[in-house]
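Visitor: Let me give you the structure first, and then I'll get to my questions.
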Amino acid sequence: MDKLIITCAPVGAETMKSDNPNHPYGPEEIAIAAIEAVKAGASIIHLHVREDDGTPSQSPTLFAEAIRHILDEVDCIIQISTGGAVTATEDDRLLPVRELIPPPEMASLTMGTCNFGNSVFWNSPALIERFIGEFKKRGIKPGLECFEAGHVSNALRYARRGLLDGPQHFEFVLGVPGAMTGAGENLMHMVRMLPENAQHTWSVAGVGAAELPLAAIAIALGGHVRVGFEDNIYFRKGELALSNAQLVERVARLGRELDRPVATAIEAREMLKMAPRNHGTLASTSPQQV
Ligand code: KMH
Ligand code: ZN
């Protein structure tokens, strides 16, 4: 089997320091958490940003600050979030895609609408097609987030229509209240939906208590894994995680035991059919440049 690609999502738009005091806020703390996660074995950082008081944001300036700090210290694939918070407008969600220079290597793209706790995470066909167009213009690889089996069907439909071309990276996110649960059968079903000869890759993010069992199943099946405070703030039942790196380290350890040592960022780019990173553009000083 291929090496294991670990994605770390060190912060999402929902959990707060009041849920886990080790939760990062602000671009500086988020960058430090991401750097520690990469050193522990992550090769992709799924990046949301927060203001210093914890407010979720899609500000390109905050993204640029965090990205610059991360990439100054470690090599990893930055995958910015275009999901943001459920309250973010479509235009806000696209801001970092449109304004970051150079564009991020990857960005998340959710393949359909679903309930999300007491809210609705809105991803209409028009929104998805607009986002795909914006990604293509800038050579950004999408991480196709699927919270429901129907989202997988929808992504495959875009692939058949040629809007998504070539091998895609699917990211199954299971266990969001209101969407598909984190049961192992649900992951198996989504994996079986992928056409065998298309060379798609996939990873799973289990929410809360589903994080670890789904990680173990994914490692055994040849898939990849996402962990981090966006999805889960506990190390085990009743014990808050000390850091994102602690969650990454455990998955890296599991991977080694199952003969799936972790992939470096360079190896992950090859496995995901991405171009090597261009290091030439990092020294810039303008606020939105990274
Ligand atoms: N915060 C969720 C509503 C993404 O990053 O693309 C959506 C989310 C997905 O986190
Ligand atoms: Zn996210």
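Visitor: What FRET efficiency comes out for T55 versus N197 if R0 is 45 angstrom and r is the Cβ-Cβ distance? Round to the nearest 0.05. Provide the component values of the computation, followed by the final result.
Guide: On the way: r = 45 Å, r/R0 = 1.00.
Calculated value: 0.50.
Visitor: How high is the relative contact order of the chain, in percent, counting Cα pairs under 8 Å that sit 6 or more residues apart?
Guide: Numbers: 609 pairs, mean separation 70.3, N = 290.
Computed over the chain, the figure is 24 percent.
Visitor: Using modelled amide H (1.01 Å from N, peptide plane; none on Pro or chain starts), what sits under 5 Å from the amide H of G143, excluding residues fewer than 5 places away?
Guide: For G143, whose amide H was placed from the backbone, the distant partners under 5 Å are A107, S108, L109.
Visitor: Further question: Quick one: if the Förster radius is 25 Å, what FRET efficiency do E257 and M16 give, using the C-beta to C-beta distance and rounding to 0.05? Before the final figure, lay out each step's value.
Guide: Values: r = 34 Å, r/R0 = 1.35.
Efficiency computed from Cβ-Cβ geometry: 0.15.
Visitor: Counting other beta carbons within 10 Å of each residue's own, what order do Y158, Y25 fall into, fewest first? Could the numbers behind the result be given before it?
Guide: On the way: Y158 20, Y25 17.
Listing Y158, Y25 from fewest to most nearby Cβ atoms yields Y25, Y158.
Visitor: In nm, give the distance between the simple-model label positions of I266 and R161, each being 7 Å from the Cα along the Cα-to-Cβ direction.
Guide: 4.0
Visitor: Which peptide among 217-228, 248-259 comes first, and what is the full order, when sorted by highest mean count of other Cβ atoms within 10 Å? Could the numbers behind the result be given before it?
Guide: Values: 217-228: 23.4, 248-259: 18.0.
In descending order of packing, they fall as 217-228, 248-259.
Visitor: May I ask you to list the residues of segment 27-67 whose amide nitrogen lies under 15 Å from a point 7 Å from Cα along the Cα→beta-carbon direction of T87?
Guide: 50-59
Visitor: Specify which residue in the list A40, A126, S81 is farthest towards the positive end of the charge dipole of the chain, using unit charges on the beta carbon of Lys, Arg (+1) and Asp, Glu (-1), about the Cα centre.
Guide: Highest projection toward the positive end goes to A126.
Visitor: Right, another one. From the phi of every residue in segment 37-52, what ³J(HN,Hα) in whole Hz does the Karplus formula 6.51 cos²θ - 1.76 cosθ + 1.60 yield, where θ is phi - 60° and glycine or proline is x?
Guide: 5, 5, 5, 7, x, 6, 10, 10, 10, 7, 10, 10, 10, 10, 6, 5
Visitor: Here's another thing I want to ask about it. Going by amide H atoms built from the backbone, whose H comes under 5 Å of the H on T113, apart from near neighbours?
Guide: For T113, whose amide H was placed from the backbone, the distant partners under 5 Å are N123.
Visitor: Long-range amide H contacts for I77: which residues qualify at under 5 Å (H placed 1.01 Å from N, peptide plane, sequence gap of 5 or more or a different chain)?
Guide: So I77 has HN proximity to I44, I45.
Visitor: Using θ = phi - 60° and the Karplus relation 6.51 cos²θ - 1.76 cosθ + 1.60, list the HN-Hα couplings for segment 158-165 in order, rounded to whole Hz, with x at every Gly or Pro.
Guide: 5, 5, 4, 6, x, 6, 10, 10
A short reminder: the numbers here are calculations on the coordinates, not readings from a lab. Because the structure is a prediction, the values reported are computed rather than measured. Counting neighbours? That spans all protein chains shown, and the Cβs are built from the backbone with ideal geometry, glycine included.
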